Every structure is written in structure tokens, then in C-alpha cells.
Amino acid sequence: MDERIEQFPPYRQTEAHGHDDHGHDDHGHAHPHPGFWSTYIFSPDHKVIGIQYGVTALSFLFFGLMLMLLMRWQIAHPGHAVPLIGWFLERMLGETMAPGGVISPDLYNAFGAMHGTIMVFLGIVPLAFAAFGNYVVPLMIGAPDMAFPRVNMASYQAYFLGGLVMFISFFIPGGAAQAGWTSYSPLATSIPTHGQLFWIIGMILLITSSLLGAVNFIATIIQLRAPGMTWMRMPWFVWTQFVTAFLLLLAFPPLEAAAVMQLMDNVAHTSFFLPTGLAVGGHLANISGGGSPLLWQHLFWFLGHPEVYVLILPAMGIVCEIVANNTRKPIWGYKSLVYAVLAIGFLSMIVWAHHMYMTGMGTVISTFFQATTMIISIPSVIILTCLFISLWGGSIRINTPMLFALAFMPMFGIGGLTGLPLGFNVSDVHLHDTYYIIAHFHYVVAPGTIFGLFAGVYYWYPKMTGRKMSEFWGSVHFWCSLLFMNIVFMPMFAQGMAGMLRRMADGGANYSAEVNSRAGADVIGGLSPFIMSLHTPILWGAICLGIAQIPFIINFFWSINHGEKVGDNPWQSTTLEWQTPTPPPHGNFSITPRIYRGPYEYSVPGHSTDFTPQNEPDVATPAAPKVPTHTH
């Protein structure tokens, strides 16, 4: 690597000098202490921005969970007032949306649309990519900060504003967006509320935030690696963030363009996505027409499927770091992991239309997307295989991060395997838009991605605060979450295969055999009482899942001041972020680190400890003494 990198940026020196013991610089001027606003609100420091992203994203995840609980109540008990908070819903959202504390179908649609939007775009992506990426990636590669610190700050501010716009939309007349998290046209333009307008504006801000972050990550990882940090010495978590940044950079611009066009359809009466002859409420719509609703679907899913890997890749990277650290052995198949994540990055751009088999595409096109969908499962299996094999023969330490990392593997496996029938046109026609889809997707992102993110929170929390979170309450959080996650989502596979459609405010009651037989109809293939009865255990599982997050919330904030104090490297890890002071100072490294080896040098024979940090210089092996030879 070019030695000039050692002097970039200019304020990072290879030797500690230029400051005396009294905190004065070379010119004798004291550095002014930044105030609260400069330190915590408008800071360009990547660590502060990472924490801002993390706390905000966790808050949105909790809010999205609450929306899910309200929807599950309505599905299990349609037409009944929400207990305890029904009066509050009516007061805040109005009698039209929540009459007598009952969730109306319109409010259910709004909750459904916003639950998906908030969980994906305001919760998981900012936490997985922006929060962990911002805090950890510069430390892992030996950089003093991100390449563009102020762009980084602007990225968070755009994200926060986007979230604020989404949140405010609940309280405007007519309520929040009701066209689903996919916002399909022409439905999104036909609903007579302003909620969809707020949704589009919020999405434009969120996409802008992601693009700013993606450019920053790519530049940082390429340009600011420490001397000796070659591509194949980078921790695999950095590789996942690198590929994720490229996915965002390539897939989000088409959706941003589509969002602007749908915004124009809403406010300027254009017809980018509105077809000629569109009828709304039995009357021809007064539009110019000529647009294509399918165009919106293509532009949305061109982002939508890479987005799935934007959600999962950072979580896989986190799990890889934790598995290597807690098995005390090198990760198995590091190069295979690298090539697999690069393959996923490429293939994820050419599978999007498997979400669109119901649009009437021809057999040639559907065959192509079926083939690419099956092919992309191969690198995913390679990654899981490497992680499973890494456990073999390891001296496994069981702690809270490891529990979540271990559970991630089979849970993601269930999500991946149940996705295979959806990749085939012939089976997807029957399963499309059923509860099977909900179960499959949520196994990927809930006990999959979110478990990986919880593992990351418990793992890097000591680096951020200097204290560990409680292991006991971490275990309570894990076991309860694992149990209730499966109670919530496993029955949905059976419901979906029985034909229960998603996005129904009554949970399919009007299609049930019981309701139709009471009405005197001849019932053929209606939803059975058993399938309908599964809504009740799912509801109680969801409630218990919400309660199970309380130990995590208390543990998270209580441990900031009362957790067990730890040193700089409490997990005895090899990667570079654990070789800095805790918490890392501004600039991260007083001396530019130099990298001598790969990221997972655990249990190296002959080493004094069972871990060898990346920046520890090689120690020359002393030569064996010469044995004198005697001639006869």
C-alpha cells in the first residue's frame, strides 16, 4: 500500500507529537471546548453519528412493533375496541379512523403501510447499515473518521427529517398512507388523503440520506484503510458494509426518480403511473392517462429486492465477527465469504421481478427470474455453511451476543428455505399475497436480521460506553424473544398455505367457512375454524414479544452508568476497533495503526495468548542455536 496514506488526513500523524502536556497546540492557543449542540447534535464525528442513528432507529423499531400489536388485535378481534388505549386512539386520530376505540379498515391499512415502511426504511436499514457501519467501520479499517464527515452529518439529518415527516402523517386529516409499504400506483394516487403525499416526501428524504451514506462508505473503505490493511485483511463485516453501500448507491436512484414521478402524479396531475381508462369509484378518473402502473412496480422492486440484502448482509457481518470471537478460531472459508458476498451483490440486481409473477409476464421472462432467484440462494448457503463449520472444533464461549448469533443461523435458514417456493412461478401464483409471504419475509428480517442486530448491540456496547450490558437480562431477552418470535410467525405458514390473504382488516373473517355457512352460503374451500383460531395465539405471542423487549430497553439505559466496567478489549478480539481506547477519542488513533495480518488470528500456535491483534508486530522467531559438529 502507498506509504502516503500514513499522512492522510493531514492531522493524523505516524508519531504522537505536536501537543504539549497542557492541551495547547504548536501555536500556543487552547482548543475551545465544544458545547452540547456541537458535541451531541450537530457533530461530524462518525461515532456520535452512529449512536444517533442507533438510538433513533431502535426508537422507530419499537414504534413499528407497537403498530404491529394494534394490527394483531384488530385481526384477532375485528370490530372490538382496543383495550386500555382505545380511547387514546380515538382522541388522537379522530372518530373517523378509530370510532369508539375500534380500528377502522382505513386505520388498519394505514398501520399496515406504516409498519412496513417504518420497520424497513426507518428501523432496520438505519440500524444495520448506518448505525453499526458509522461507528465500527472506520475503527475496523484504522481510519480517523469517515471520508466526508459533514456529508455524514447531513445524511443523519435527512434521515431524521424523513422519519419526522412519516410520523407527523398519522395526525393529519385522513391519516397516514394507506396504500401499503409498496405504495402501488394507481391506488397510491387514488386514495383521497394527504397521507400518501407525506409518505412520498418522507421517502425522498430517506433515499437521499441512504445515498449520501453509501457514497461516504465506499469512499472511506477505498481511501482511508490503514497501512497494511489490504482487501483480504479487512474484517468480513467491512466487506458486507462495502457491498451494501454499492447496493444502495445503484438501486435507490431509480426509486427516488419513481418517487418524484409519483409525487407529480399526486400534486401536479401528471400520469406517469396512471393508465388511460382508469375508473375510481365506478367513474372514469379525470386524468390525462397513458402511464404504466407496472413501471412503478419495476422501479420499486428494482430497489425492493436488493433492499432485502441491504437488511441481511450487515447482520451476517455482525454474526461473523461474533462467531469468530467466541469460537476462538479463525472463521472458516474467509475468501469464500468474500466471494459469496460479492456474488450476492451482483445477483441481487437481477432477481427483482420474482415479486411480479402475478402481473402476467411471459414464460421466457419468468424463467429467467426463476433461474436467477435459485442461483442467488447458492452464495447465501455458502455463507451459512462457513458460519456453521466455524463452530466445529471451536472453544465456544456462550454469552449474550453469541446466543443471538447462534439463533440467527437457523432462523435465517428457515426464512431462506421457505423463500424457495416463492421463487417459482407455478407455486408463487398460489402463495402470492398470503400469510405465507408474511411468515417467510419476517423469518428473514425478524429472528434473522434483528437477532443479528441485537447481537451487535450487546457485542459493541462495551466499546461505546466502557461498560457491559447485564448478561442475565440479556439471556432473558434472548430466550423470550426466540420463543415468542416463533409463536408469532410459524403459524402463518399454515395460514398462508390454507389461502389466508394478507392486508385484510378482519383477518379473513369474511372468507371463513364459519361466517359464510351462517349466511346460508354453500361453502367450498373457506378458511377453516382452526386456521382462523390461530390469530389468537399469534396475538398473545406478539404481546409477549413486546413485553420481552422491556428487559432490553431497561438493560440498555441502566448499563450506561451501572453496567460492569470493562477495559479496552473485553472480548479479547483481534480486530482493530478493540485496539483503541474505550470509548475511542476524536480521531480514533493517536498513532496510525499498521496492519500485519488478517482479521481472525485466534489460537495461533506459539502465541502467548489465544488472540493476535491485527496491529501487533510480527515477532521474529529466534534462530535455533547451532550444534557444533565434531570431525573424526
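The values are calculated or read from the model by the stated rules, or taken from the named source; none is laboratory data. Predicted model, so just to flag it, every value in this text is computed and none were measured. No Cβ is skipped: glycine too gets one built from the backbone with ideal geometry, and neighbour counts run over all protein chains shown. Surface areas here come from the heavy atoms of the whole protein model, side chains and all, with no ligands, DNA or RNA. Shrake-Rupley method; radii C 1.70, N 1.55, O 1.52, S 1.80 Å.
Data overview
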read-out	value
Extension gain from R503 to A257, taking 0.36 nm per residue of separation minus the Cα-Cα distance	85.9 nm
Degrees, to the nearest 10: 435-444 long Cα axis against longest axis of the chain	10 degrees
In range of the label at L342: residues from segment 232-252 whose backbone nitrogen is under 20 Å from the point 7 Å along Cα→Cβ	232-251
Whichever lysines have a C-alpha closer than 21 Å to that of K47, once near sequence neighbours (fewer than 8 apart) are set aside	K463, K468, K565
Förster radius 22 Å - calculated FRET efficiency between M349 and L294, Cβ distance, rounded to 0.05	0.70
F171 versus K335: modelled label distance in nm, points set 7 Å from Cα along the beta carbon direction	5.8 nm
Computed lengthening from F557 to S608, 0.36 nm per intervening residue step minus Cα-Cα distance	14.7 nm
Theoretical FRET efficiency, 1/(1+(r/R0)^6), r = Cβ-Cβ of Y184 and T276, R0 25 Å, to 0.05	0.90
Local electrostatic count, P613, Cβ distance below 15 Å [Lys/Arg +1, Asp/Glu -1]	-2
Relative contact order for the chain, counting Cα pairs under 8 Å that sit 6 or more residues apart, in percent	15 percent
Cβ-defined net charge surrounding G116, 13 Å radius [Lys, Arg +1; Asp, Glu -1]	+1
At q = 0.10, 0.11, 0.16 Å⁻¹, base-10 log of I(q)/I(0) for segment 41-275 (Debye sum, equal scatterers on each alpha carbon)	-0.53, -0.62, -1.06
Relative contact order computed over segment 111-264 (Cα-Cα under 8 Å; 6+ residues apart), in percent	31 percent
Estimated distance in nm for a label pair at L417 and L284, the labels positioned 7 Å out from Cα along Cα-to-Cβ	5.5 nm
Nearest-0.05 FRET efficiency for L164 and T385, computed from C-beta distance (R0 41 Å)	0.45
Segment 186-293: radius of gyration and largest Cα-Cα distance (Dmax), Å	20.3, 68
Amide hydrogen neighbours beyond the local backbone of E601, cut-off 5 Å, H modeled	T612
Kirkwood Rh and Cα Rg combined as Rg over Rh, evaluated for segment 132-209	1.18
Cβ crowding within 10 Å averaged over residues, with 35-41, 314-320, 570-576, 255-261 ranked highest first	314-320, 570-576, 255-261, 35-41
Cα centroid separation - segment 393-459 against segment 208-255, whole Å	24 Å
Accessible area of segment 157-307 belonging to carbon and sulfur atoms, whole % at 1.4 Å probe	73 percent
Helix-only [θ]222 nm of the chain, DSSP H runs n ≥ 4, -39500 (n - 2.57) each, per residue, nearest 500	-18500 deg cm²/dmol
Distance between modelled label sites at T359 and T230, nm, 7 Å Cα→Cβ extension	4.5 nm
